Amino acid sequence: MVVRFWSARTTELRLPDYLRHFNNRVLPHLRSKEGFVEARVLTQSDGVVVEMIVETLWTSLEAIERFAGTGPRIRGRGRGGGAPLDLL
């Protein structure tokens, strides 16, 4: 098993929107990908800003590369023009 991490920031007020987007759009998309096992969203807040780390578990590095390509990437928006990763 291989874990893929990515991080994002939002505000306390926008966190419910992000989690709804993750549960309704991102998670179903991930579940449709061969090699995907599970995902979790970890959060830490200072009362205003929420730092998030999303962990996705995959059967292999090859499964991650089929999903995300090779090498590290930094993006400001999710695939298909989804919600911004930085929701401040």
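Each reported figure results from applying straightforward, stated rules to the coordinates on display, with no laboratory input. This structure is a prediction, so every number in the text was calculated from the model and none was measured. All Cβ positions, even for glycine, are placed from backbone atoms using ideal geometry, and neighbour counts span all protein chains on display.
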(message) Take S60 and R25, extend 7 Å from each Cα along the Cα→Cβ direction, and tell me the distance between the two endpoints in nm.
(response) 3.1
(request) Could you give the C-alpha radius of gyration of segment 2-68 expressed as a fraction of 2.2 N^0.38 Å, taking N as the number of residues it contains? (result) 1.19
(request) Subtract the Cα-Cα distance of T11 and K33 from 0.36 nm times their separation in residues, and report this length gain in nm to one decimal. (result) 5.0 nm
(message) Which of T11, T56 has the fewest other C-beta atoms within 10 Å, and how do the rest follow up to the most?
(response) T11, T56
